[in-house]
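S.K.: Before I ask anything, let me first share the structure, which is written out below as structure tokens.
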Amino acid sequence: MELNDQFWEQRYQENKTGWDIGYASTPIVDYLKTLKNKELKILIPGCGNGHEAEWAHQNGFLNVHVLDYAASAIANFKTRYPHFNPAHLHQQDFFEHKHTYDIIIEQTFFCAIDPSLRKKYALKMHELLNDNGLLVGLLFDTEFVGGPPFGGNKEEYTEYFSSLFEYLHFEKCNNSIKARAGNELFIELKKIK
């Protein structure tokens, strides 16, 4: 199984999108509500149907960018939310993306990539963040049979992030949605220059 654009496109075509909860994730919304600066440049990679981006945009964050491998994910978002800035829609491989951001939101993207790419993910996140930029979101703190999603734990994840980021938060999530309660870590990682 190769987790490429065709794989993800097929999942959307067959409506096999079990990761999509149908609304913006509570921990992400609660975090965004704490931000006073609505001009921050924010990226949501592996955005899927983009519920978090939609919520952010509707609540005054106008510099939100979404990125997904699957053309259908971007097309679905564009159809549902036609007023979103088309220059902020990126249909491409995350590892080929070239812009920089103040905040990158992690919401079921890390668990979707092959675990062999996790160190590369951490390095790419570091590259895409501006100085003092933040990687914020959720990582699974559980194991899965097969994948995707691919699980893991805090000890494993620190191997990828500890040399690149300062940990502002890296702990059990206390406001996960019911189906994921007890199985998520909330992260707020600050880029080390």
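Derivation of every value follows stated rules applied to the coordinates shown; laboratory data play no part. What you see is a predicted model; the values in this text were computed from it and never measured. Here the Cβ is made from the backbone with ideal geometry for all residues, glycine too, and neighbour counts use every protein chain on show.
S.K.: Which whole-number percentage describes the relative contact order of the chain, with Cα contacts under 8 Å and a sequence gap of 6 or more? Walk me through the numbers on the way to the answer.
M.R.: Working: 346 pairs, mean separation 36.6, N = 193.
For the chain, the relative contact order is 19 percent.
S.K.: Let's test the formula: R0 of 30 Å, r as the Cβ-Cβ distance of His83 and Phe144. What FRET efficiency results, to the nearest 0.05? All intermediate terms of the calculation are to be shown ahead of the outcome.
M.R.: On the way: r = 37 Å, r/R0 = 1.22.
Taking R0 as 30 Å, the efficiency between His83 and Phe144 is 0.25.
S.K.: Once the Cβ-Cβ distance between Asn183 and Glu9 is put in as r, and R0 is 45 Å, what FRET efficiency do you end up with, to the nearest 0.05?
M.R.: On the way: r = 28 Å, r/R0 = 0.62.
The formula returns an efficiency of 0.95 here.
S.K.: Separation of segment 37-95 and segment 123-193 by C-alpha centroid, Å?
M.R.: Using only Cα atoms to place each centre, the spacing works out to 20 Å.
S.K.: Continuing with the same structure: Can you tell me the relative contact order of segment 54-147? Whole percent, Cα pairs under 8 Å, sequence separation 6 or more.
M.R.: On the way: 86 pairs, mean separation 24.5, N = 94.
Answer for segment 54-147 is 26 percent.
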